[in-house]
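K.L.:
Take a look at this one; I'll ask things after.
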Amino acid sequence: MTATVGQQAQAAARANDVWKVYGSGEAQVVALRGVSAEFERGRFTAIMGPSGSGKSTLMHCLAGLDSVTRGTVSIGETTVTGLGDAGLTKLRRDKVGFIFQQFNLLPTLTAKENILLPLSIAGRKPDPAWYDTVIETVGLKDRLDHRPAQLSGGQQQRVACARALVSRPEVIFADEPTGNLDSRSGAEVLNFLRNSVREHGQTIVMVTHDPTAAAYADRVVFLADGEIVSELIEPTAETVLDTMKKLDTAAEVGN
Amino acid sequence: MFRATLKSLLARKVRLILSGLAVVLGVMFVSGAFVLTDTLGRSFDSVFADGFSEIDVNVAAKPKVQVNEMEGEQTVAPLPAALVDRVKQVPGAASATGVVNADGARVIGSNGKVVTSFGPPQLGENWTGESELLKLREGRAPQAEDEIVINKALATAAKVQVGQKVGVLTAFESKKRDFTLVGVFGYSGDRDSIGGVNEVFFTTPVAQRLMLGEPDVFSSITVQAADGVSDEKLRDDVARTLGADFEVKTGEQVAADASASLKEGLSFFNKILLGFAAVALLVGTFLILNTFSIIVAQRTRELALMRAIGASGRQIIGSVVLEAIAVGLIASVLGLAAGIGVGALLAYLFGKLAGGLTLAGIGVPAAAVIGSFAVGLVITVVAALLPALRASRIPPIAAMQDVATPDRPLTKITVAGSLVTGIGAVLLFLGLSGNAGGQTLSTILGGVLFAFIGVALLTPLISRPVVSLLGAIFSWSVPGKLGRLNSGRNPRRTAITAAALMVGIALVTGVTVILDSAKGSISALAQDTIKAELVIAGQQGGPRPPTFDPGVLDQAKALPGVRLVDGEYGDMARIDGEGTWVAASSDVASLRQIFGAKPTAGDIDRLGPTQMLASSDTATSRGWSVGSTVNVQLTRGEARTYTISGIYESSQLTNPVTLPVTAAKDFAIPQPIQGFIQLDPGTRVSDVQPQVEALLADSPEVSVADRDAFIKQQTSSLDGLLTMIQILLALAIVIAVLGIINTLALSVLERTRELGLLRAIGLRRSQTMGMITVEAVVISVFGALLGVVVGTGLGAAVVEALKDEGITDLILPWGQMGVFLGLAAIIGVVAAVLPAVRAARINVLGAIAHD
Ligand SMILES: Nc1ncnc2c1ncn2[C@@H]1O[C@H](COP(=O)(O)OP(=O)(O)O)[C@@H](O)[C@H]1O
Ligand SMILES: [Mg+2]
């Protein structure tokens, strides 16, 4: 499949014929079957698909958290495939931010310390103006000295977002960031992610199985059985749902 | 339930192995101690049984002064030779032989040094012919005054051959005398010695003169029964004939008694080893408590699920306790086995050190087995009870919730800790102030135990400020800061882990404080008191102190520049029926100048043949004053009446009683042990020292040293003691290290996802390892700090209590304490290695991706 908007060689992350095979013999699972995709700079892309379709696997491979069986992955100018631990660590420090579904924060650190952790680990100072902007947008100004245990799930997830943003990574990967949140907190987090793309040009790749969440993105890529099967630009919850339904029936017919 | 327990046990085997190891080590100590002492005991039995196997009945004098194994060798007065004939007359006696057999025959090896013994006596005997047991291997029997034969092991140790001249020091002659070695003998079964005993055989008159101090006496008489007469009957007949003044025993009895007295020493040794085992086990208890607590915390969800599907609180307790029993059983078996190995090894080493003690087979006494299982099981189960109770209180709802174990408040534990510490302090006070009513030792030990447990309970509270303070050192780096935060994260866990290390370090520190203070106080006193520039003394290796030729004293006195010379003798005597240490000075008049003796009554500058001096303390406690008469029984000779002619002021260095030097011939060791030389003012020590050294050429056991060197040498035995205690306590510290490894490993496991997250946001492997290492170092340094503080407190309390015993200076071993803290840091680094590697290897994906 060829990306429609990916013509400017400006992709923040790119997968090129990526295969991922788990296990061997009887227990072999092919999670990704030749996925090629580009994720443009300054855009909010959602990866959708039914459970088990390979969304997380794709994201892990893109982020250099997992190795690919075949194909290549790159982030910005860096080819991720083939990097050693030191290279991967450097990549994660400098170019990638993460937001996970749960357990995003260190319980021993305050919200502020958690937000600044990637920078401290890398031994860098935050850009004060940018830091203020991030804090402002996340709306956590009066909660900065609280520990995660004292924050609600939505607040915790916003802290995680701020942490991902504050180092201005090339790309932020988010795996079901709202999966554990009620719809209001989820909407807050998603709004926040969208704003950071619109206002600050951040690149975000988000994995989700929730059509409402996917509707916040600029573009949705649909995965089924480890393959990219469809794509939507400027999606709405309805169009996403429709596409999903179609995919489901197609899958049932296929079976 | 049982199956579930077993399954969870297997699932957590690594964690349990580590904590089980602590029990294994403790149990090993227990069973090792029993196996060692049992093996040695049976070896002694067989040695003595062998040594006395050819004696039917033995006659000896009753000991005039009883000494126990701790005070030295029992020496008995000799018997008149005429008694042999009387014994021969007893019907049923086939023969009776007078035997000279006394400790103190020291052979000078080909290197000019005395062949030393670490325990077995160095016997000087009269040759009475070969026997079934004793056979000449080379040469012939001694016939002339200057001929000897020695046992093969001694000949080997001394590197001497038949035909050579060999120097020997004897009980009554510490001046070297040359003999011709005319024969070497061994024992049946191709043994070179019996139990490592060195033996020198002289002709009978020489043996009498040199080993017993007078002609026509024997140490004992051995009697052979005529055919058909039982040993027991012969014994009774001989005893009846001789009367009550003699000890008449069958050979078997003599062997059993000799062995029993050694075994008394062994059982004391056993108790000491068991004491150290107790320390190790105390530390192990902390470790197990911690492990089970962590396991229960980690299984909160699983246990809650069990509750949710219908398990009762009791069943939960049961499952945890069952797990503890399994761990305890396995650990006991392994510990018992390891202990048998260690005991056997130590017995072997001991046998070698003791000069070739033939070991009886390694045996496993019932006490070892029972002790191992009792200790291993009880400790494990007791330590697991608290966590088990906590597990049973987990509500079923916890299965549905996120596992956020809230920090429980520390109020209860702190109150309990204060209470227990208080009890410990009271017990210590009672014990140390001597108000424990005869239970001093157990009261003090109980106090120490309570103090340890109390401080351990208080540790969570203390840990917060101290750990953050310690951790501040590392906070300059992000991993350091994270490590510090982690170590402050679970105050209870950190506290118990640190407390385990505290116990070992506190004991070492306490002992060091006490011994250093003792050493310092004695040295200071000696420096102040002894006004002798040169001192003649030797390094005591075995039970018998080195001695020298008293003639040297007079020769030294005649040297130019020498002002005063005093030779000191000492012995245990019975004065008015009570065991008392007595001394004799070759020059009583010098005591004032050399030792600064001050009279409090009477005249202390001279001493008639039936006069004696006493220290003021002794005089007060015994109710003596100048003019009092007392009855003195020395090791040899008849009891005599002495009149107190003077009393000197007591100090730590004064002898309780000083007798005239003429009495020294009846001492167990009738030769001088130390000589003090005071020089004329202006005389250079270095001018006189070589001349005295030359005088001592024939007294190779001793040398002459300046005063400082002498004091150092005298207090150096304390250093040896300290080293031994430190080695034994090292095991407790090793166990504590296991505890740190365990805690860290469990923490790493618990924080898998957290570590994954950190790696995901850019923490390098090395930084991860650094973080774990900081956590370990903070915990271990905290433990050492606690140990140093608690140990100093305990040591200072003991020193304070011993003020009256002359430990007047409290000396704090700052250097040592620094070493302990440094050591703790190293321990932390070492303990962190495995957990850190494990943490660094955590797969980023696996850590964040699961559920
Ligand atoms: N570590 C693994 N080992 C084996 N199979 C895996 C592993 N991780 C994922 N899979 C399989 O790969 C497929 C895709 O998984 P995943 O990417 O997690 O799906 P999604 O995130 O879309 O639900 C699934 O069939 C899953 O069972
Ligand atoms: Mg997924």
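The values are calculated or read from the model by the stated rules, or taken from the named source; none is laboratory data. Values in this document were obtained by computation on a predicted structure and should not be read as measured data. Neighbour counts are summed over all protein chains in view; Cβ atoms, including those assigned to glycine, are modelled from backbone coordinates with ideal geometry. When the accessible area is computed, the model is the full protein with side chains, heavy atoms only, and any ligands, DNA or RNA have been set aside. Shrake-Rupley method; radii C 1.70, N 1.55, O 1.52, S 1.80 Å.
K.L.:
Give the span of the range B:548-698's Cα atoms along each principal axis, as three whole-Å numbers ordered largest to smallest.
P.N.:
Over the range B:548-698, Cα extents along the principal axes are 47, 31, 24 Å.
K.L.:
To continue, here is another question. How would B:Ile330, B:Ile362, B:Ile842, B:Ile811 line up by accessible area, probe 1.4 Å, largest first?
P.N.:
Largest to smallest exposure gives the sequence B:Ile330, B:Ile362, B:Ile811, B:Ile842.
K.L.:
Highest GNM mean-square fluctuation, chain A, Cα pairs closer than 10 Å: which of A:Thr72, A:Thr108, A:Thr236?
P.N.:
A:Thr108
K.L.:
Sticking with this structure for a sec: Quick one: how many Å² of A:Glu113 are accessible to a 1.4 Å probe, rounded to 10?
P.N.:
A:Glu113 has an accessible surface of roughly 60 Å² with all protein chains in place.
K.L.:
Given a Förster distance of 22 angstrom, what is the FRET efficiency for B:Asp554 paired with B:Asp708, based on the Cβ-Cβ distance and rounded to 0.05?
P.N.:
0.25
K.L.:
Using Cα pairs under 8 angstrom and six or more residues apart, how large is the relative contact order of chain B, in percent?
P.N.:
16 percent
K.L.:
Sort A:195-208, A:54-67, B:499-512 by the packing proxy (mean of other Cβ within 10 Å over each peptide's residues), most packed first.
P.N.:
B:499-512, A:54-67, A:195-208
K.L.:
Excluding A:Pro126 itself, what net charge comes from residues whose Cβ is under 13 Å from its Cβ, given Lys and Arg +1 and Asp and Glu -1?
P.N.:
+2
K.L.:
Viscosity 0.890 mPa s, temperature 25 °C: Stokes-Einstein D of the range B:768-830 from its Kirkwood Cα radius, in µm² per second?
P.N.:
It comes out at roughly 188 µm²/s.
K.L.:
Calculate, in nm to one decimal, what B:Ile473 and B:Ala639 gain on full extension: separation in residues at 0.36 nm each, minus their alpha carbon distance.
P.N.:
Separation in residues times 0.36 nm, less the Cα-Cα distance, equals 52.6 nm.
K.L.:
Tell me the angle of helix A:111-122 to the major Cα principal axis of chain A, expressed in degrees between 0 and 90 and rounded to the nearest ten.
P.N.:
The two axes meet at around 70 degrees.
K.L.:
When chain A is treated as a GNM, springs tying every alpha-carbon pair under 10 Å, which of A:Ala237, A:Ala162, A:Ala13 comes out with the largest mean-square fluctuation?
P.N.:
Result for chain A, Cα springs under 10 Å: A:Ala237 fluctuates most.
K.L.:
Place a label point 7 angstrom from the Cα of B:Ile370 along the Cα-to-Cβ direction, then list the residues of the range B:20-40 whose backbone nitrogen is under 19 Å away.
P.N.:
Taking a point 7 Å out along Cα→Cβ of B:Ile370, the residues of the range B:20-40 whose backbone N falls under 19 Å are B:27-39.
K.L.:
Here's something else I'd like to know. How many angstrom lie between the Cα centre of the range B:747-764 and the Cα centre of the range B:322-387?
P.N.:
41 Å
K.L.:
Okay, moving on. Which FRET efficiency value, to the nearest 0.05, do you get for B:Ser261 and B:Trp814 by plugging their Cβ-Cβ distance into 1/(1 + (r/R0)^6) with R0 = 51 Å?
P.N.:
0.75
K.L.:
Would you mind giving the mean number of other chain beta-carbons within 10 Å of the Cβ of each residue in B:760-771, as a whole number?
P.N.:
6
K.L.:
What figure in square angstrom, to the nearest 10, would you give for the accessible area of B:Asp216 with a 1.4 Å probe?
P.N.:
Surface accessible to solvent at B:Asp216 totals approximately 100 Å².
K.L.:
With viscosity set to 0.890 mPa s and temperature to 25 °C, compute the Stokes-Einstein D of chain B, Rh being the Kirkwood radius across alpha carbon pairs; µm²/s, no decimals.
P.N.:
D = 78 µm²/s.
K.L.:
Using 0.36 nm per residue of separation minus the Cα-Cα distance, give me the extension gain between B:Gln161 and B:Leu721 in nm, one decimal.
P.N.:
197.8 nm
K.L.:
Also, quick follow-up: What are the ³J(HN,Hα) values, in whole Hz, obtained from phi via the Karplus relation 6.51 cos²θ - 1.76 cosθ + 1.60 with θ = phi - 60°, for each residue of the range A:77-86 in sequence order, with x given for Gly and Pro?
P.N.:
8, 8, 7, 6, 4, x, 6, x, 4, 5
K.L.:
Using the alpha-carbon atoms, what tilt in degrees (0 to 90, nearest 10) does helix B:814-841 show relative to the longest principal axis of chain B?
P.N.:
The angle comes out near 40 degrees.
K.L.:
How far is the Cα center of the range B:657-688 from the Cα center of the range B:457-489, in Å?
P.N.:
Using only Cα atoms, the two centres lie 61 Å from each other.
K.L.:
Near the amide H of B:Glu147, under 5 Å away, which other amide H atoms are found, from residues 5 or more places off or on another chain, if H is placed in the peptide plane?
P.N.:
Hits under the 5 Å cutoff: B:Thr180, B:Thr203.
K.L.:
What is the mean projected area of the alpha carbon convex hull for the range B:51-262, to one decimal in square nanometres?
P.N.:
About 11.5 nm², averaged over all directions.
K.L.:
Next question, about the same structure. Computed FRET efficiency, Cβ-Cβ of B:Asp603 and B:Gln652, R0 22 Å: what is it to the nearest 0.05?
P.N.:
Efficiency at R0 = 22 Å is approximately 0.40.
K.L.:
I've got another one for you. Cβ under 10 Å from B:Ala155's Cβ, B:Ala155 left aside: what net charge do those residues give with Lys, Arg +1 and Asp, Glu -1?
P.N.:
+1
K.L.:
Okay, next question. When the Karplus curve 6.51 cos²θ - 1.76 cosθ + 1.60 is applied with θ = phi - 60°, which whole-Hz ³J(HN,Hα) does each residue of the range B:252-269 get, with x for Gly and Pro?
P.N.:
These are the phi-based 3J(HN,Hα) values: 4, 4, 4, 4, 4, 5, 4, 5, 4, 5, 5, 5, 4, x, 4, 5, 5, 4 Hz.
K.L.:
I'd like the Kirkwood hydrodynamic radius of the range A:190-255, using the inverse of the mean 1/r over distinct C-alpha pairs, in Å.
P.N.:
Hydrodynamic radius (Kirkwood, Cα only) of the range A:190-255 equals 12.7 Å.
K.L.:
Kindly give the semi-axes, whole Å and largest first, of the ellipsoid equivalent to the range A:103-225, taking each as the square root of 5 times a Cα gyration tensor eigenvalue.
P.N.:
With the √(5λ) rule applied to the range A:103-225, the semi-axes are 24, 17, 13 Å.
K.L.:
Cα-based count: Lys pairs in the range B:51-262 below 17 Å, eight or more positions apart or different chains?
P.N.:
Counting lysine pairs in the range B:51-262 gives 12.
K.L.:
Quick one: Cα centre-to-centre distance for the range B:812-838 and the range A:71-148, in angstrom?
P.N.:
Cα centroid to Cα centroid, the span is 34 Å.
K.L.:
Then there is this: Just going by the charge dipole of the protein assembly as shown, with Lys and Arg at +1 and Asp and Glu at -1 on Cβ, which of B:Val788, B:Gly602, A:Ser185 is farthest out on the positive end?
P.N.:
A:Ser185
K.L.:
Another question about this same structure. Mind checking B:749-759 for the average number of partner chain beta-carbons within 10 Å of each residue's beta-carbon?
P.N.:
Across the residues of B:749-759, the mean count of other-chain Cβ atoms within 10 Å is 3.
K.L.:
Oh, and also: Which order do the peptides B:645-652, B:545-552 take when ranked by the mean count of other beta-carbon atoms within 10 Å per residue, highest first?
P.N.:
Ranked by mean Cβ neighbours within 10 Å, highest first: B:545-552, B:645-652.
K.L.:
If the viscosity is 1.306 mPa s and the temperature 10 °C, what translational diffusion coefficient in µm²/s does Stokes-Einstein give for the protein assembly as shown when Rh comes from Kirkwood over Cα pairs?
P.N.:
Rounded to a whole number, D works out at 44 µm²/s.
K.L.:
In degrees, nearest 10, range 0 to 90: what is the angle between the Cα axis of helix B:440-472 and the longest Cα principal axis of chain B?
P.N.:
Between the helix axis and the principal axis of chain B, the angle is about 40 degrees.
K.L.:
Can you check how the C-alpha radius of gyration of the range B:718-851 compares to 2.2 N^0.38 Å, as a plain ratio?
P.N.:
1.43
K.L.:
Of the residues A:Glu170, A:Glu227, A:Glu238, which exhibits the maximal mean-square fluctuation in a Gaussian network model of chain A defined by a 10 Å Cα contact cut-off?
P.N.:
It is A:Glu238.
K.L.:
Write down the Kirkwood hydrodynamic radius of the range B:141-246, to one decimal in angstroms, obtained as one divided by the mean of 1/r over all alpha carbon pairs.
P.N.:
Value: 16.1 Å, from the Cα pair sum.
K.L.:
Please give me the summed charge of the neighbours of B:Ser523: other residues whose Cβ is under 13 Å from its Cβ, Lys and Arg +1, Asp and Glu -1.
P.N.:
Cβ neighbours under 13 Å give a net charge of -2.
K.L.:
I've got another one for you. For chain A, taking Cα atoms only, what is the radius of gyration to one decimal and the Dmax to the nearest whole Å?
P.N.:
According to the Cα coordinates of chain A, Rg and Dmax are 18.0, 56 Å.
K.L.:
Counting only DSSP beta bridges with both residues in the range B:548-698, what percent are antiparallel, rounded to the nearest 5?
P.N.:
Counting only bridges with both partners in the range B:548-698, antiparallel ones make up about 75 percent.
K.L.:
Amide H neighbours of A:Glu40 under 5 Å, counting only residues 5+ apart in sequence or on other chains, H built in-plane at 1.01 Å?
P.N.:
A:Ala12
K.L.:
How crowded by other chains is A:160-168, given as the mean number of beta carbons from other chains within 10 Å of each beta carbon?
P.N.:
The mean count of partner-chain Cβ atoms within 10 Å per residue comes to 1.
K.L.:
Quick one: accessible surface of A:Lys112, probe radius 1.4 Å, all protein chains present, in square angstrom to the nearest 10.
P.N.:
Around 80 Å² of this residue is reachable by solvent.
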